[in-house]
Every structure is written in structure tokens, then in C-alpha cells.
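Notes follow once the structure below has been shown.
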Amino acid sequence: MILLDESINDDRLSFSRPIDENFYFVQVKIESLTKDELENISHLIRKNLDNKRAEESILTSILRRLNDLRGTYSTPGSSLSLIKKIKEDKTIACAGLGPLHGLNFRDGIGEIRDLVVHSEFRRLGLGKKILVECIKQAKNFGYKRLYLETSPHMLIAKKLFVTKGFRPVQAIPQEKVQINTESPSYFLLENLSSSA
């Protein structure tokens, strides 16, 4: 079994750490990714959009980022995190972090974007792991607040966000955010120093 504190050596990575014997977490240096790797990440995100109901504003933002992943995640205060399958070195989950659209990262408001887990690897806790890593990275960048948005039908994801300290932007009691109800699609995590 691979221990959690062992590192995988690759000079293209900011850091990497095994999750278990099947998966490892990677903080990539976006500039080091090949065209094929960027296309595979874009494909993973696009595949997640297939047959999904998504608000037009969310789709527009995602498609704009997919056209320039390297540019999007090489700006100050931005990063792209991946979870890869060890045996195949296959990206099976990703999440991006950057300043909230239109703001400078020094303003202290970040946004988690493009959080996707391949359909074959859901329900393994990988979404939670990559979300927690994004929150840690946001703290390292100096963000004070984190924002994220999702589609109204992403009920399990919204439940995860609430358990990690995010609150719906539209004020509703936390106990009303249930796995089987549609709740707001915009979430905010404040006071990063005391979360995750």
C-alpha cells in the first residue's frame, strides 16, 4: 500500500501525493502540460456536460475556459488540480481555482471551477478530496472567501459543498439543503482560515 505522505517525483508537478493504492492527487504546473494532456482534461470536463442540465451562464464560462486552459490556470492566484489513476496515469478528476471572474486575486475572493469527477469514479470520495485540496490551495494564495457555482440538479455536489462550510448565497437554513431537494446553485465559503 502507498502511504499518503509519499511523493511521486515529476518536475512538471508543484506536488503530488498518493491518495491510496489506486489514485494520486496532483497539483500541476499548467505550463508543463502537453497538448494531449490539456485535450484529455478538456474532454473530461466536456463529457461531464453531456446530457446535463446547466444554466447558460455556467456553460458559457466553462466553454470559455476550455478554449484556453493553459491561459486560465497560469494567471496569479490560479491553479489546476488533478486526481490521476496510478496504473494508467489517467486524469479522472479535476478542479480549477482562480480569482472570481473580473477580480484580481489580491482582492481575496477566489472561485473553484470545473470540479469534475469521471462518471466511473464517482462515489469514492474523490470530489471531496479535490475540493479540500482546492480550499487548502486557496488559503495558500491568500484568498479570504471562495465562491463556486453549480447546476441546480447537482444535488450530491451541493450537499458536499455545505458539509465543507460553503453556504448557499441565497439565504436558506442549512438544514433545508437536503440531498433530495433543489437548492441554490451559488455557494460562498467565508473565513477560509477556519475551514476544511
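Values quoted throughout were computed directly from the atomic coordinates according to the rules given, and no laboratory measurement underlies them. Worth saying up front: this structure is predicted, and the values here are computed from it rather than measured. Positions of Cβ are backbone-derived with ideal geometry, glycine not excepted, and every protein chain shown enters the neighbour counts.
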Kirkwood Rh, angstrom, region 69-157 [1 / mean 1/r, Cα pairs]: 13.6 Å
Contour excess over end-to-end distance, with Cα ends at LEU188 and HIS43 and 0.36 nm allotted per residue: 49.4 nm
Neighbour-count order for VAL116, VAL132, fewest beta carbons within 10 angstrom listed first: VAL132, VAL116
Trypsin sites (Lys or Arg not before Pro) lying in DSSP loop within region 89-138, provided at most 10 other Cβ fall within 10 Å: ARG123
Full-stretch length increase - ASN140, GLU21 - with 0.36 nm per residue and alpha-carbon distance subtracted: 40.1 nm
Pairs from LYS35/LYS164; LYS35/LYS87; LYS87/LYS144; LYS84/LYS158; LYS35/LYS159 whose Cα-Cα separation, in the structure shown, is over 31 Å: LYS35/LYS164; LYS87/LYS144; LYS35/LYS159
GluC sites (Glu not before Pro) lying in DSSP loop within region 63-124, provided at most 12 other Cβ fall within 10 Å: GLU88
Förster radius 22 Å - calculated FRET efficiency between GLU120 and LYS35 (Cβ-Cβ, nearest 0.05): 0.35
